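Below is one structure, written out as structure tokens; comments come after it.
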Amino acid sequence: MAKDTKNLVGKPITFKILRYDPDKDTKPYYKTYQITLERGMTVLDGLMHIKENQDSTLAYRKSCRMGICGSCAMYINGLPRLACQTQISELNSPVVVVAPLPNYPILRDVVPDLDPLFIKHQNIKPYIIREDKAELEKPTGEFSQTPEELERYIQFSYCIKCGACLAACPTVSTSDLFIGPQAGAQAYRYIADTRDDGFNERLQVLDDKYGVWRCHFPGACSEACPKGVDPAFAIQLLKREIVARRFGFKSAPKPAPLAPKPEKAERRPGIPEAPAPTVGQ
Ligand code: SF4
Ligand code: FES
């Protein structure tokens, strides 16, 4: 039975970290370090402690330290996770094994080369595409949306580009060319947006043998996502959208709401009304 490491505060924890310097090493190897577990210590805190006090050559990525930037995604005790959001005490193990995200080349130590993630993201044109270019140049009104229209894609817009979903995906592990969960979720985020006209521009990438049809829906990407995005669901919605449009529908029927609708909340006293739109009146 796993030990409850909450009881190990003040006691030694072993970090087993994959090390690899392409200028010196012929292949990656593991190196171990001992630290003393402090209350509230995350895996990233542990790595920083090791770098500052034991081995300044250790390389890892981090920036925000609050689960926002996505740069600290690593393979921690067998799962892709954000190091800054992973409490050592919650791993239930006195040994913390840290490796770079699988399915990416290693740049150095636990730093993966995220080019495959960003190239796939770029390929699906992750921005609003409009046919009415003149309206974009000289807007005559706001591109407003109803709350229901926003609900169709909002959860997919929470992606922080950490790359954990690609690391978890069994299809990516067998084919570098597969579009992958992150780009799939972002493609749906824009296609489901009522302000976007870019479906046909993205179709060549999506409706391809390495596009959405290669996803067998194992769902590992959605399990791995630290922000609650559901890329596996987005890819199934893309399949539905492609088929619907092929049979002559402008768009697939609206999917079921992604989250239960909250009861209409009473406006709290003292909270002002939102300001009126500034154009299009
Ligand atoms: S979908 Fe989730 S796991 Fe994938 S890159 Fe975005 S935030 Fe990370
Ligand atoms: S350091 Fe930014 S998400 Fe972890």
Length released on extending from Tyr210 to Glu137, taking residue separation times 0.36 nm less the Cα-Cα span: 22.7 nm
Report the extension gain between Ile119 and Cys64 in nm, rounded to one decimal, defined as 0.36 nm multiplied by the number of residues separating them, less their alpha carbon distance. 17.5 nm
Sequence gap at least 6, Cα distance under 8 Å: using those rules, report the relative contact order of the chain to the nearest whole percent. 17 percent
Distance in nm between pseudo-label sites at Thr194 and Asp55 (7 Å out along the Cβ direction from Cα): 5.5 nm
Go ahead and estimate [θ] at 222 nm for the chain from helices alone: -39,500 (n - 2.57) per DSSP H run with n ≥ 4, summed, over the residue count, rounded to 500. -7500 deg cm²/dmol
How high is the FRET efficiency between Phe217 and Gln34 when r is their beta carbon distance and R₀ equals 35 Å, given to the nearest 0.05? 0.25
Going toward the positive end of the dipole of the chain, with +1 on Lys and Arg Cβ and -1 on Asp and Glu Cβ, which of Gln182, Ser56, Ser157 do you reach last? Ser56
Compute the label zone of Glu201 within region 163-192: residues whose backbone N is under 13 Å from the point 7 Å along Cα-to-Cβ. 190-191
Just the number, please: carbon plus sulfur as a percent of the accessible area of region 64-111, 1.4 Å probe, no ligands or DNA/RNA counted. 56 percent
Of the peptides 64-72, 27-35, 222-230, how do they stack up when ordered by the mean number of other Cβ atoms within 10 Å, highest first? 222-230, 64-72, 27-35
Over all distinct alpha-carbon pairs, what is the Kirkwood Rh of the chain in angstrom? 21.4 Å
Region 115-246: translational diffusion in µm²/s, Stokes-Einstein, Kirkwood Rh over Cα pairs, 25 °C, 0.890 mPa s: 162 µm²/s
I need the calculated FRET efficiency for the pair Asp23 and Ile154, taking r as the beta carbon distance and R₀ as 41 Å, to the nearest 0.05. 0.40
With a 10 Å radius around each residue's Cβ, average the other Cβ atoms per peptide and rank 80-86, 237-243, highest first. 80-86, 237-243
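The values are calculated or read from the model by the stated rules, or taken from the named source; none is laboratory data. This is a predicted model, so every value here is computed, not measured. With ideal geometry, Cβ positions are generated from the backbone for all residues, glycine too; neighbour counts draw on all protein chains shown. Note: areas computed on protein heavy atoms with side chains; ligands, DNA, RNA excluded. Shrake-Rupley method; radii C 1.70, N 1.55, O 1.52, S 1.80 Å.
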